[in-house]
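Structure, as structure tokens:
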Amino acid sequence: MPAPPSDKPVYRFAPSPNGFLHLGHALSALLNHDMAAASGGRFLLRIEDIDLTRCTPQFEAAIYRDLAWLGLDWEEPVRRQSDHFDAYHAALDRLTEMDLVYPAFLTRGEVKAKVAANEASGKSWPRDPDGSPLYPDDDRHRSQTERRKLIADGVRHAFRLDMQKALDLIGAPLNWTETGDGDRGEIPADPSAWGDVVLSRSDAPSSYHLSVTVDDAAQGITHVVRGLDLFEATAVHRLLQELLGLPPPIYHHHRLILGADGRKLSKSEGSTGLAALRDQGLPAGDIRGRLGL
């Protein structure tokens with residue numbers, strides 16, 4: 001359920017505890033904190049730990065240490081996604097009742113082979129904004145009888161959104177309000193570019209798209225401030241918000257901090273990790289200078 005409307009702006013920083021925070025995370029955290037303070041709003045911390053295999057208590061504890069070192073404070077209690085699997089299941093059930101979800105049985109290897117065979121014949125395969133091949137339509141067209149048999153036989157499966165059905169149900173064009181470092185204003189949303197996105201996996205009770213949409217509404221987030229690498233994904237979130245009757249926040253996608261190779265920083269790059277910089281004796285105040293704040 002969405003939170004009651006707030007009389008103050010509400011911002012959030014939402015890292016995953018699957019590695020150590022780096023300078024890119026620091027930029028996002030500081031921007032959220034500063035924008036909340038400047039507007040007289042609230043700053044929340046959310047731990048996005050739906051991946052129970054890669055997310056650990058040790059990395060979660062490191063997040064708290066790094067943010068405290070940066071001089072940030074946040075409201076308690078911290079929302080942890082692993083405490084709210086029921087909310088994601090409820091959202092998935094609602095979409096299933098709307099006949100917008102289907103079980104998907106193809107493995108990554110099977111999808112890869114299918115794409116390779118198609119491209120070997122000289123045909124192109126559609127890809128999403130991140131460059132990944134769109135999921136084939138095999139499972140979307142399976143009969144209910146075949147689906148039930150595969151599930152009864154214990155075949156692992158995910159649940160995917162039938163994108164075309166969802167768009168047909170919405171009917172009207174979608175957009176979002178953007179105030180960030182790229183395009184600004186009312187941005188047209190094109191969820192179809194992502195194909196039939198995953199909503200739940202066999203090894204995770206929810207997907208990023210579904211959980212972040214549910215969480216933002218549950219916490220009453222009014223402003224989502226995050227990296228430009230998630231700009232295009234906003235189209236999927238806007239679609240899910242419309243389908244689930246959830247209020248859309250204002251979005252602000254900020255510039256990315258790049259590594260020496262010109263690519264977005266990753267948690268595997270220890271040289272840019274906040275803990276490593278702290279251990280080298282770098283004062284926390286110097287982080288803002290490094291980030292151009």
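So in region 88-105, with the set limited to residues that are of a type in the set (Gly, Ala, Ser) and in a helix (DSSP H, G or I), which one is surrounded by the fewest Cβ atoms within 10 Å (Cβ to Cβ)?
Ranking the candidates gives Ala90 first.
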Inset, instruction - Consider Leu210 carefully, then state whether it is buried (at least 16 other Cβ atoms within 10 Å of the Cβ), touching a residue at least 60 places away in the same chain (Cβ under 8 Å), part of a helix (DSSP H, G or I) and touching a Ser or Thr at 6+ places or on another chain (Cβ under 8 Å). - result: yes
Legend entry - Residues that are of a type outside the set (D, E, K, R), touching a Phe, Trp or Tyr at 6+ places or on another chain (Cβ under 7 Å) and over 24 Å from Leu228 (Cα atoms), drawn from region 124-147: none
Inset, instruction - Could you look through region 251-268, keep only residues that are hydroxyl-bearing (Ser, Thr, Tyr) and surrounded by fewer than 16 Cβ atoms within 10 Å (Cβ to Cβ), and pick out the one that is farthest from Ser28 (Cα to Cα)? - result: Ser268
Inset, instruction - Considering every residue within region 68-86, establish whether at least one is over 22 Å from Ala204 (Cα atoms), among the aliphatic types (A, V, I, L, M) and in contact (Cβ under 8 Å) with a residue 40 or more places away in the chain. - result: yes
Inset, instruction - Scan (1) under 21 Å from Gly180 (Cβ atoms); (2) at pLDDT below 95 for the single condition Tyr251 breaks and write down its number. - result: (2)
Inset, instruction - Quickly run through region 44-72 and pick out the residues that are more than 15 Å from His25 (Cα to Cα) and either among the aromatic types (Phe, Trp, Tyr) or in a loop (DSSP other than H, G, I, E, B) (or both). - result: Asp49, Ile50, Asp51, Leu52, Thr53, Arg54, Cys55, Thr56
Legend entry - Complete set of residues in region 145-172 that are part of a helix (DSSP H, G or I) and either at pLDDT below 95 or in contact with a strand residue (DSSP E or B) (Cβ under 7 Å, 6 or more places away or on another chain) (or both): Arg147, Ile151
Legend entry - Residue that is assigned to a loop (DSSP other than H, G, I, E, B) and among the basic types (Lys, Arg), where the choices are Lys114, Lys123: Lys123
Inset, instruction - Scan region 230-246 residue by residue and report those that are under 17 Å from the mean Cα position of the chain (by Cα) and part of a loop (DSSP other than H, G, I, E, B). - result: Phe231, Glu232, Ala233, Leu246
Inset, instruction - Within region 124-147, identify whether any single residue is out of contact with any Asp or Glu (no Cβ under 7 Å at 6 or more places or on another chain), among the hydroxyl-bearing types (Ser, Thr, Tyr) and touching a residue at least 60 places away in the same chain (Cβ under 8 Å), and answer yes or no. - result: no
Legend entry - Candidates Ile250, Ile287 - the one that is out of contact with any strand residue (DSSP E or B) (no Cβ under 9 Å at 6 or more places or on another chain) and in contact (Cβ under 8 Å) with a residue 40 or more places away in the chain: Ile287
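The values are calculated or read from the model by the stated rules, or taken from the named source; none is laboratory data. This one's a predicted model, so the numbers in the text were calculated from it and none came from an experiment. Please note: Cβ atoms are built from the backbone with ideal geometry, for glycine as well, and neighbour counts cover all protein chains shown.
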